[in-house]
Amino acid sequence: MPDYPTHEHDVLIIGSGGAGLRAAIEASAAAVKVGLVCKCLLGKAHTVMAEGGIAAALANVDERDGWQVHFADTMRGGQYVNNWRMAELHAKEAPARVRELEAWGALFDRTPDGRILQRNFGGHKYPRLAHVGDRTGLEMIRTLQDHGVHLGIDVHMEVAIVELLKDGDRVVGALGYDRERGQFKIFHAKAVVLATGGIGKSYKITSNSWDCTGDGHALAYHAGAELLDMEYVQFHPTGMVWPPSVCGMLVTEGVRGEGGILTNKDGKRFMFDSIPDNYKAQTADNEEEGWRYTQGDRNARRPAELLTRDHVARCIVREIKEGRGTPHGGVWLDISWIKKRIPNAAEHIKRKLPSMYHQFKQLGDVDITREPMEVGPTTHYIMGGVRVNADTQMSCVPGLFAAGECAAGINGANRLGGNSLSDLLVFGKRAGEHAAKFAKESKAGQISAAQIEEGARSALEPFDRNVSAGQFEGPYQVQYDLQEMMQREVGIVRRQDEMERALEGLAKLWERARRVGVTGHRQFNPGWHTALDLRSLLTVSEAVTRAAIERKESRGAHFREDFPDKDATFGKTSLILRKGPDGAMQLRREPLPALPDHLKKVIEEMK
Amino acid sequence: MSTATFKIWRGDATGGNFVDYTAQVSEGMVVLDALHQIQATQANDLACRWNCKAGKCGSCSAEVNGMPKLTCMTRMSQLPLDKPVTIEPMKAFPLVKDLVTDVSWNFAVKKKIKPFKPRAPDAPDGSWRMAQADVDRVQEFRKCIECFLCQDVCHVLREHHKHDEFIGPRFLVYVAALEMHPLDTEDRRADLKQAHGIGLCNITKCCTKVCPENITITDNAIIPLKERVVDGFYDPLRWLLNSAKKTLKR
Ligand SMILES: Cc1cc2nc3c(=O)[nH]c(=O)nc-3n(C[C@H](O)[C@H](O)[C@H](O)COP(=O)(O)OP(=O)(O)OC[C@H]3O[C@@H](n4cnc5c(N)ncnc54)[C@H](O)[C@@H]3O)c2cc1C
Ligand code: SF4
Ligand code: SF4
Ligand code: FES
């Protein structure tokens with residue numbers, strides 16, 4: 001066995017975002033030995049950026065809400081290709097998961113009678129998002145972190161996992177390197193939970209943080225697990241577009257929830273022009289009613305700006321393409337106009353949207369209480385991920401679990417805002433619970449010296465290539481070119497020929513990535529880290545592209561210019577990717593599980 | 001587009017020196033963009049931490065022209081570019097490499113602070129009732145992104161290295177958030193005085209000045225905590241009454 005430090009755990013959790021922390025807390029409650037590794041510092045995972053809130057049918061603001069409504073909203077938002085069982089569990093269990101956060105110290109904004117306040121968000125019928133101003137993710141991650149550190153969990157910070165270790169079919173641990181010193185570490189475990197988050201860094205314009213490189217998706221895929229729904233990448237309609245340095249940075253949907261409106265360069269509120277049929281009944285047909293909705297009028301319907309993200313993003317792209325965009329290629333998002341409606345509007349905006357005020361003021365020289373913001377779509381979230389059992393979160397590889405953004409199923413073709421944070425809690429808990437159960441019922445597997453040696457050797461390869469001699473290229477240019485290409489060819493509006501070009505491009509980028517070299521030594525070396533990230537980024541980019549080529553229809557976040565309509569057959573089909581015996585990516589179609597009658601009824605009743 | 005020159009600290013625990021670099025400056029650029037540009041084009045292995053690039057995670061702390069800053073929120077346009085911009089690691093923590101320091105002490109300190117202990121729920125569904133006004137005060141402290149810039153600037157840690165006796169402003173804010181939490185029933189006053197070393201703070205307010213979240217660390221967190229400690233230790237009767245009140249609230 002290579003002479004690397006070995007850590008023994010019953011359950012190893014990879015990732016310290018909301019999903020990983022919640023899983024760790026639950027696993028440790030089952031009295032098993034838990035290890036948590038993350039490639040960032042504790043409390044700094046991407047979850048910290050979440051702004052708007054956690055969706056849960058607490059019914060604190062509108063008593064008509066309940067799990068049935070939340071379930072129906074989630075399925076409608078996902079265009080009915082969601083895993084119905086996950087959507088059901090999520091809607092039923094989210095309220096208890098949110099209350100639990102309060103018991104661990106979270107301080108949400110309050111209703112006048114002292115309960116957890118909930119706000120409106122796109123696609124949710126009633127005010128449903130528990131929140132803390134616009135920094136809900138920070139509150140959530142800090143609460144879980146501060147609760148978790150007292151539970152005896154072994155935390156390994158700034159350790160990046162490069163390979164899952166297997167004993168036959170089963171996953172029995174992981175190989176990683178510690179970023180600070182560059183040393184390899186072996187983790188031996190009976191069960192492994194992936195909670196590695198998203199893939200935003202495969203695109204040029206993204207709201208995601210540095211660690212969203214699709215590592216979990218790629219690790220699972222290379223270990224034999226299946227990836228599902230990879231064609232569904234969510235582009236959030238409102239990212240900053242100017243200045244270039246902050247292009248892609250998120251502008252929370254909360255701005256529209258508080259009454260913000262979208263207009264084009266002619267000052268027209270274009271969203272009212274194209275309300276999809278299945279949302280007509282619940283969308284305001286005039287601006288006045290929309291305003292009343294944002295101000296809490298229970299009899300008003302939501303304004304067109306709060307339609308689902310996929311739809312709003314496409315309308316924005318249309319405005320820009322047809323020449324009605326703003327100077328820097330976006331549209332206007334205006335909250336300052338509410339001064340016409342309410343007194344002390346500037347104070348109100350600063351209180352409700354403090355980080356947005358700060359972000360625009362500090363980074364864009366824009367005062368949002370006085371001027372409109374320039375916004376455009378940004379790569380935000382991936383609905384696709386590791387295919388898991390809805391109840392246990394285990395993949396088809398025994399001992400390998402996944403939760404949070406790196407798992408697929410709950411969101412179908414499009415995620416509603418707020419449904420991710422609740423997903424992290426509900427399925428993070430389930431993954432932790434079932435991973436602990438699996439660990440208790442299993443014997444420790446064997447880790448293989450050969451696999452570890454090979455994993456370490458291939459991770460170190462970039463050091464053998466001398467960049468200074470000019471024979472090899474550094475990792476950054478390859479990363480930029482990949483991001484640029486995915487943005488251009490597999491973005492919001494997709495076409496067969498462009499995506500086929502992307503596949504060819506990916507093959508060339510793989511070639512380049514295999515020849516990337518780095519300078520310096522192994523101690524905290526970002527060049528080396530980037531070289532290793534490339535393997536994940538390329539794997540997930542290929543998965544997204546292959547699935548997007550195969551789905552010849554438009555549904556939710558996946559929009560094809562050459563197939564602009566929905567197709568009934570595709571509507572009953574899932575696309576599944578798996579690594580073939582020859583090492584090539586294989587795609588197959590599988591029928592979607594049919595919705596049981598009792599849930600069909602729920603959806604009918606909520607129409 | 002103009003160019004800017006930089007002096008960036010390169011080295012590790014065994015030693016190092018400032019190295020000169022240049023970068024192209026475009027509109028709206030922040031210091032972290034310049035670091036990334038230098039990484040991509042001139043120094044692949046230049047070590048710096050970052051994650052969100054949006055001022056939300058507190059990873060990218062460093063000293064820019066001698067001032068503790070989040071590099072992702074420091075605009076190039078705010079800096080004089082006629083002379084080189086110096087970028088160095090935080091001084092209050094051991095150096096790992098280049099701009100990366102070993103901040104693990106902070107995580108160890110937090111673990112030693114008595115955790116949140118809520119009173120029994122107010123409602124049968126396990127939930128509580130709290131007024132927004134009572135929550136506001138604590139929400140200010142909970143804005144903390146753990147960038148540790150306040151720890152970096154505090155002379156008790158930076159110059160006097162009293163890491164074993166003093167938890168630093170970040171964790172005084174953390175204790176304040178717990179102590180003033182409307183539901184909390186724990187008493188941390190004895191710890192504040194002894195283990196946490198609150199007496200070592202002499203209210204210079206340097207920490208408040210650097211906080212990127214604009215938390216009024218000294219006035220709103222540290223001074224009220226100091227008062228509680230004084231009340232508790234020098235006015236035993238009042239302490240007893242307070243403890244009784246806390247118990248009643250349970
Ligand atoms: C700006 C923004 C705002 C958002 N707002 C909301 C909102 O209001 N409501 C909502 O519901 N959702 C929101 N989302 C989405 C939501 O924040 C994310 O989907 C969610 O936080 C993902 O959490 P996670 O636990 O799955 O993973 P993450 O929080 O992404 O954590 C991933 C973890 O895995 C670790 N990791 C990754 N790879 C490796 C590796 N190879 N080895 C070791 N560790 C690794 C990382 O270090 C990190 O700790 C928002 C997203 C963004 C970008
Ligand atoms: S006010 Fe106290 S804690 Fe803050 S910097 Fe000064 S001595 Fe340190
Ligand atoms: S209190 Fe302010 S300066 Fe200190 S760690 Fe928190 S955010 Fe940073
Ligand atoms: S990178 Fe997150 S605060 Fe700067």
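Observations, loosely collected:
- For the range A:478-503, taking the residues that are more than 28 Å from A:Gly517 (Cβ to Cβ) and of a type in the set (D, E, K, R), the one that is surrounded by the fewest Cβ atoms within 10 Å (Cβ to Cβ) is identified as A:Asp497.
- Some residue of the range A:543-561 being surrounded by 18 or more Cβ atoms within 10 Å (Cβ to Cβ), more than 14 Å from chain B (Cβ to nearest Cβ) and at positive phi: yes
- Consider the range B:35-52 and keep the residues that are within 7 Å of chain A (Cβ to nearest Cβ) and free of Cβ contacts under 8 Å to residues at least 24 places away in the same chain. The one that is farthest from A:Pro244 (Cα to Cα) is B:Asp45.
- Filter result for B:Asp164 (more than 14 Å from ligand 2 (Cβ to nearest atom), away from chain A (no Cβ under 14 Å) and under 20 Å from the mean Cα position of the chain (by Cα)): yes
- Evaluated against (1) surrounded by 18 or more Cβ atoms within 10 Å (Cβ to Cβ); (2) touching a Lys or Arg at 6+ places or on another chain (Cβ under 8 Å); (3) not assigned by TED's automatic domain parsing to the domain that holds A:Gly122, A:Leu424 falls short on exactly one condition, (3).
Residues are listed down the side, and each one gets a yes or a no for (1) surrounded by fewer than 24 Cβ atoms within 10 Å (Cβ to Cβ); (2) of a type outside the set (A, V, I, L, M); (3) within 16 Å of ligand 3 (Cβ to nearest atom); (4) at pLDDT 95 or above:
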| residue | (1), (2), (3), (4) |
| --- | --- |
| A:Gly15 | no, yes, no, yes |
| A:Gly20 | no, yes, no, yes |
| A:Lys33 | yes, yes, no, yes |
| A:Ala45 | no, no, no, yes |
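- Residue match in the range B:2-13 (condition: outside any loop (DSSP other than H, G, I, E, B), closer than 23 Å to A:Gly474 by Cα and of a type in the set (Phe, Trp, Tyr)): yes
- Pair list, Cβ < 8 Å and 6+ apart or interchain, from the range A:99-122 residues that are more than 9 Å from chain B (Cβ to nearest Cβ) and farther than 21 Å from A:Gly148 by Cβ to residues that are outside any loop (DSSP other than H, G, I, E, B) and of a type in the set (Val, Ile, Thr): A:Asn120/A:Thr294; A:Gly122/A:Val312
- The conditions of being more than 16 Å from ligand 4 (Cβ to nearest atom), in the same structural domain as B:Val138 (by TED's automatic domain parsing) and modelled with pLDDT of 95 or more are met by B:Lys117.
- Within the range A:174-207, the set of residues being within 29 Å of A:Cys247 (Cα to Cα) and in contact with a strand residue (DSSP E or B) (Cβ under 7 Å, 6 or more places away or on another chain) comprises A:Arg179, A:Ala195, A:Thr196, A:Gly198, A:Ile199, A:Gly200, A:Tyr203, A:Ile205, A:Thr206, A:Ser207.
- So A:Gly428, is it in contact with a helix residue (DSSP H, G or I) (Cβ under 6 Å, 6 or more places away or on another chain), in a helix (DSSP H, G or I) and more than 30 Å from A:His521 (Cα to Cα): yes
- For the range B:107-157, a residue qualifies if it is surrounded by fewer than 17 Cβ atoms within 10 Å (Cβ to Cβ), more than 20 Å from B:Leu183 (Cβ to Cβ) and not hydrophobic (A, V, I, L, M, F, W, C), and the qualifying residues are B:Lys111, B:Lys112, B:His155.
- The residues of the range A:289-344 that are of a type in the set (Asp, Glu), over 14 Å from A:Arg269 (Cα atoms) and in contact with a Phe, Trp or Tyr (Cβ under 8 Å, 6 or more places away or on another chain) amount to a single one, A:Asp310.
- Selection of the range B:101-124 for residues being within 9 Å of another protein chain (Cβ to nearest Cβ), out of contact with any strand residue (DSSP E or B) (no Cβ under 9 Å at 6 or more places or on another chain) and not in a loop (DSSP other than H, G, I, E, B) yields B:Ser104, B:Lys110, B:Lys111.
- Condition broken by B:Pro212, with the remaining ones in (1) within 14 Å of chain A (Cβ to nearest Cβ); (2) in a helix (DSSP H, G or I) satisfied: (2)
- B:Val156 vs. criteria within 9 Å of ligand 2 (Cβ to nearest atom) and either away from every other protein chain (no Cβ under 14 Å) or in a helix (DSSP H, G or I) (or both): yes
- In the range A:177-217, the residues that are surrounded by fewer than 24 Cβ atoms within 10 Å (Cβ to Cβ) and either away from ligand 4 (no atom under 16 Å from the Cβ) or more than 13 Å from chain B (Cβ to nearest Cβ) (or both): A:Asp178, A:Glu180, A:Arg181, A:Gly182, A:Gln183, A:Phe184, A:Lys185, A:Ile186, A:His188, A:Lys204, A:Ile205
- Qualifying residue in the range B:170-184 (condition: among the hydroxyl-bearing types (Ser, Thr, Tyr) and away from ligand 2 (no atom under 11 Å from the Cβ)): yes
- Conditions (1) away from chain A (no Cβ under 13 Å); (2) surrounded by 22 or more Cβ atoms within 10 Å (Cβ to Cβ): number failed by B:Ala195: (2)
- Residues of the range A:65-107 satisfying the condition of being in a loop (DSSP other than H, G, I, E, B), under 20 Å from the mean Cα position of the chain (by Cα) and either of a type in the set (A, V, I, L, M, F, W, C) or on the phi < 0 side of the Ramachandran plot (or both): A:Gly78, A:Val81, A:Asn82, A:Asn83
For every residue, the table says whether it meets (1) in the same structural domain as A:Arg179 (by TED's automatic domain parsing); (2) of a type in the set (A, V, I, L, M, F, W, C); (3) under 23 Å from A:Met75 (Cβ atoms).
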site	(1), (2), (3)
A:Ala531	no, yes, no
A:Thr539	no, no, no
A:Glu542	no, no, no
A:Glu553	no, no, yes
A:Asp562	no, no, no
A:Thr573	no, no, yes
A:Lys579	no, no, no
A:Leu592	no, yes, yes
A:Met606	no, yes, yes
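- Residues (within 14 Å of chain B (Cβ to nearest Cβ) and not in a strand (DSSP E or B)) located in the range A:355-410: A:Ser355, A:Met356, A:Tyr357, A:His358, A:Gln359, A:Phe360, A:Lys361, A:Gln362, A:Leu363, A:Gly364, A:Asp365, A:Val366
- Residues (among the hydrophobic types (A, V, I, L, M, F, W, C) and either touching a residue at least 12 places away in the same chain (Cβ under 8 Å) or closer than 24 Å to B:Ala190 by Cα (or both)) located in the range B:112-130: B:Ile113, B:Phe116, B:Ala120, B:Trp128, B:Met130
- Checking each residue in the range A:137-176 for being within 14 Å of chain B (Cβ to nearest Cβ) and among the acidic types (Asp, Glu) picks out A:Glu139, A:Asp146, A:Asp154, A:Glu158.
- Strands (runs of 3 or more DSSP E) (entirely within the range A:156-269) containing at least 1 residues that are touching a Pro at 6+ places or on another chain (Cβ under 6 Å): A:170-178, A:184-194, A:233-240
The values are calculated or read from the model by the stated rules, or taken from the named source; none is laboratory data. Only a predicted model underlies this, so the values are computations on that prediction, with no experimental measurement involved. Note that we place each Cβ from the backbone using ideal geometry, even for glycine, and neighbour counts take in every protein chain shown.
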